[in-house]
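*Asks:* Questions regarding the structure given below will be posed in turn.
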Amino acid sequence: MATILVTGCAGFIGSHITERLLRREDFVIGVDNFDPLFYGREIKERNLRWAKEQKNFVFFEADICDREAMQQIFGRYRPQKIVHLAALAGVVPSLERPIDYERVNVFGTVILLELSRLYGVEMFVFASSSSVYGADTKAPFKESEPAVRPISPYGATKRMGEIIAYTFHHLHGLPITCLRFFTVYGPRQRPDLVIHKFARYIVKGKDVPIYGDGTSQRDYTYIDDIVDGIEVALDKPMGYEIINLGCGTPVILLDMVEMLERALGKKAKLQFLPMPKTEPPLTHADITKAQRLLDYRPKVRIDEGIPVFVEWFLRELRDGLEI
Ligand SMILES: NC(=O)c1ccc[n+]([C@@H]2O[C@H](COP(=O)([O-])OP(=O)(O)OC[C@H]3O[C@@H](n4cnc5c(N)ncnc54)[C@H](O)[C@@H]3O)[C@@H](O)[C@H]2O)c1
C-alpha cells in the first residue's frame, strides 16, 4: 500500500485512476480545483462520489498553482508517488487562453516537481499528450521523434512539461515517466471531447461538426487501457521515460461517427467545416515502447468501446443528469 497523490482526481481520467488505486488499497490524496473551463462542478462531484465514500481517500479542493496549499499537502501526507493529471486539457480553447494554459500546465507542473524533489517522492507520472507531435511527425508516432513543433498552445505546454520534468530527473534523480495519451474515451469522458460531444449532438438532433472532409484519423484509446498503463508506470520507476499510450489503430472520423450512429440508433446531421489550424490530420501511436516497458496491451477496440460508452451515456440521460 502506497500513499499516492492524484492531481485532477475529479476529472475523467483522474476519477478512473483514483478508483483503481483505491480498490487496490493504496491511500489516495486527491486534489482538484473543479476548474469550470470545460465542464461544471456537478459532473466532477459525481465522478468523485464513490471515492469520497472510501476510508483510504482524502480530497482537497485546491489549485496546483497554489504553492502553499500544495506544500501543506506534501508536508502532511508525504506522498510516495504522484499521478499528475490536473491540467487545462482541451486543444481548441488553448488558442484563446494560452496564458492560462501555460500557468496551469507548466507553472503548476513545476510546483509539483519542486515539491516532489523536496519531499523525496519515489515516482512521478506526468500526463502528456499525443498533441505534442504536431502535424509533421511521421506515422506511427514514435517517442524518439523530436516533437518540437506542436500546433496548439495546449500541445506546446505538454511538451514543456515533459522537458522541465527531464531537468528535474537529471538534476535531482526524481524518477519520472511522461505518458502521452491518445484521444481517451469511455464512461465519464469529458463532454467537450469528440465522441461525447457528438453523441450529445446526435441525440439532440443538432448538427455534428465535421472538420475537413471527415477523413482525418484519431487513435482512440479506451479509458481502462489508459488506466492499466498508468498503474504499471506508477509501480515501475525507470529513471526518465516518455511513453505513448494509444490503441495503435487510427480510425477515420466518419467511420467513428457511423459506429456512434449504430450504437445510438440515430443518424447524425453532418455539418462540414474547414479544418482548424490546431487539428492534425492524423494521430497514430507506435505502442511498441509501451509494450516493452509497461507490458501494455490495449484490450478494447473502438467498435467494442463505443457501445460501452453509449450505454453509460444513455443511462446518464435517462437519469436526467447534465452531460
Ligand atoms: N482525455 C484525453 O483524451 C487526453 C489526451 C491526452 C492527454 N490528456 C491529459 O490527461 C489529463 C487528464 O485529462 P482529462 O481528459 O481527464 O481532463 P479533465 O478536464 O476531465 O480532468 C482534469 C482535471 O484537472 C482539474 N484541474 C484543472 N486545473 C486545475 C488546477 N489548476 N488545480 C487543480 N486541478 C485542476 C480539472 O478541474 C479537472 O477535473 C490532462 O493532463 C490532459 O491534458 C487527456
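*Asks:* Which residue pairs have Cβ atoms closer than 8 Å, lie 6 or more positions apart in sequence or on different chains, and pair a first residue in the range 79-105 that is within 13 Å of the ligand (Cβ to nearest atom) with a second residue that is part of a loop (DSSP other than H, G, I, E, B) and of a type in the set (Lys, Arg)?
*Replies:* Listed pairs, sorted by first residue: Leu88/Arg97; Ala89/Arg190; Gly90/Arg190.
The rows are residues; the columns are (1) out of contact with any helix residue (DSSP H, G or I) (no Cβ under 7 Å at 6 or more places or on another chain); (2) in contact (Cβ under 8 Å) with a residue 60 or more places away in the chain.
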site	(1), (2)
Pro237	yes, yes
Ile242	no, yes
Ala263	no, no
Lys267	no, yes
Leu273	yes, yes
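*Asks:* Moving on. Cβ contacts < 7 Å: first residue more than 29 Å from Gly161 (Cα to Cα), restricted to the range 46-68; second residue within 14 Å of the ligand (Cβ to nearest atom), any location; separation 6+ or different chain. Result?
*Replies:* Trp50/Glu19; Lys52/Phe59
*Asks:* Looking at the range 298-322, which of the residues that are in contact (Cβ under 8 Å) with a residue 24 or more places away in the chain and in a loop (DSSP other than H, G, I, E, B) is farthest from the chain's Cα centre (by Cα)?
*Replies:* Leu321
*Asks:* Among (1) under 24 Å from Gly205 (Cβ atoms); (2) buried (at least 17 other Cβ atoms within 10 Å of the Cβ); (3) touching a strand residue (DSSP E or B) at 6+ places or on another chain (Cβ under 9 Å), which single condition is His284 missing?
*Replies:* So His284 meets the others, but not (1).
*Asks:* Moving on. In the range 69-78, how many are within 15 Å of the ligand (Cβ to nearest atom) and touching a residue at least 24 places away in the same chain (Cβ under 8 Å)?
*Replies:* Selection size over the range 69-78: 4.
*Asks:* Output the number of the condition that Val28 fails; it satisfies all remaining conditions of (1) near the ligand (Cβ under 10 Å from one of its atoms); (2) aliphatic (A, V, I, L, M); (3) crowded, with 16+ Cβ neighbours inside 10 Å.
*Replies:* Checking Val28 against (1) near the ligand (Cβ under 10 Å from one of its atoms); (2) aliphatic (A, V, I, L, M); (3) crowded, with 16+ Cβ neighbours inside 10 Å, the one that fails is (1).
*Asks:* State whether the residues of the range 34-42 include one that is of a type in the set (Lys, Arg) and either within 8 Å of the ligand (Cβ to nearest atom) or crowded, with 16+ Cβ neighbours inside 10 Å (or both).
*Replies:* no
Here, each number is a calculation from the coordinates, and none is a lab measurement. Keep in mind that what you see is a predicted model, and the values were worked out from it rather than measured. Note: ideal-geometry Cβ built from the backbone for every residue, glycine included; neighbour counts use all protein chains shown.
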